[in-house]
1. Mind checking which residues of segment 189-215 are buried (at least 20 other Cβ atoms within 10 Å of the Cβ), in contact with a Lys or Arg (Cβ under 8 Å, 6 or more places away or on another chain) and of a type in the set (Val, Ile, Thr)?
2. Checking ARG102 against (1) among the charged types (D, E, K, R); (2) touching a Ser or Thr at 6+ places or on another chain (Cβ under 8 Å); (3) closer than 18 Å to CYS209 by Cβ, which single condition isn't satisfied?
3. Can you tell me how many residues within segment 235-261 are closer than 24 Å to THR194 by Cβ and either β-branched (Val, Ile, Thr) or at pLDDT below 90 (or both)?
4. Report whether or not THR218 is at pLDDT below 95, surrounded by fewer than 20 Cβ atoms within 10 Å (Cβ to Cβ) and not assigned by TED's automatic domain parsing to the domain that holds ARG102.
5. Just for helices (runs of 4 or more DSSP H) wholly inside segment 119-211: which have at least 1 residues that are without any contact (Cβ under 8 Å) to a residue 12 or more places away in the chain and either outside the structural domain of GLU107 (by TED's automatic domain parsing) or touching a Pro at 6+ places or on another chain (Cβ under 9 Å) (or both)?
Amino acid sequence: MLPGMSWMALLDVLLVGILIYQVVAIVRGRRAAQVLSGVAVLLVIYGLATVARMELLRTVLSTVATYAPFVFIVMFQTEIRRVLARIGRHWFIGFKAQAERREAIDEIQLAVDRLSQTRTGALIVVEGRTGLRTFIESGVTLDARVSRDLLLAIFQKEAPLHDGAVIIQGDRVAAAACFLPISMNPGVVGKVGTRHRAAIGITEETSDCIVVIVSEETGRISIAQAGVLERDITPQRVADRLSGRAPRPTPVESQPVERGA
């Protein structure tokens, strides 16, 4: 903390900074940004007029400034709504995110259950705290809400996006048909199929993501996390792992899966 600055003053500066950031984030790239630039120019001119004692110019600008708040409300009503909505989302982001994540997990569980019954191969990556942007960009961007029907449609054998992995961010399917790194761990090479090696490979690089795999040959469900593979689990176990209710297995508990899965 700076000398002479109280905690309340520091909080005051922080809140103003957050508010300015939200405003800039909303108007950036929009026509409102040009208007604000014009306002900034007028403020500079007003300051120069005050210093130079140009009373007529200063009086005109002062008169205009009196009505400026009403003009701004009319001109920027859309942007103001966006700012307020964005602030509201941040205040309630914790509660909303938890509800959305629970809903997404339920949809994934239903989809995995059906994929297992029909022996439809699937590879679903659920992003953790570490971003997976590099892998998302390797696939086809979707940015759609997670749903059972969407996941089932993606992984149908005749579907154009069924090859590769689906990457989920929060409650959104970020992309499909994504390429994942293949694990070269000697302990799994030759013992697991390509789909499982890809699941292990991405978790070796990004240890906090969770990957759900459905075997195309047997319909068995597996989960990979931090390079550890847990096989032959139930859809309920998938939900428990994704929600954090079930701890991830240790490397000793991990088992290889059959080839071609």
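The values are calculated or read from the model by the stated rules, or taken from the named source; none is laboratory data. For clarity, every value in this text was computed on a predicted model and none was experimentally measured. Don't worry about glycine lacking a Cβ; one is built from the backbone with ideal geometry, like all the others, and counts go over all protein chains shown.
1. Of everything in segment 189-215, those that are buried (at least 20 other Cβ atoms within 10 Å of the Cβ), in contact with a Lys or Arg (Cβ under 8 Å, 6 or more places away or on another chain) and of a type in the set (Val, Ile, Thr) turn out to be VAL192, ILE210, ILE213, VAL214.
2. Among (1) among the charged types (D, E, K, R); (2) touching a Ser or Thr at 6+ places or on another chain (Cβ under 8 Å); (3) closer than 18 Å to CYS209 by Cβ, the lone unmet condition for ARG102 is (3).
3. Total meeting the criteria: 13.
4. Taking the combined requirement at face value, the residue does not satisfy it.
5. No helices (runs of 4 or more DSSP H) qualify here.
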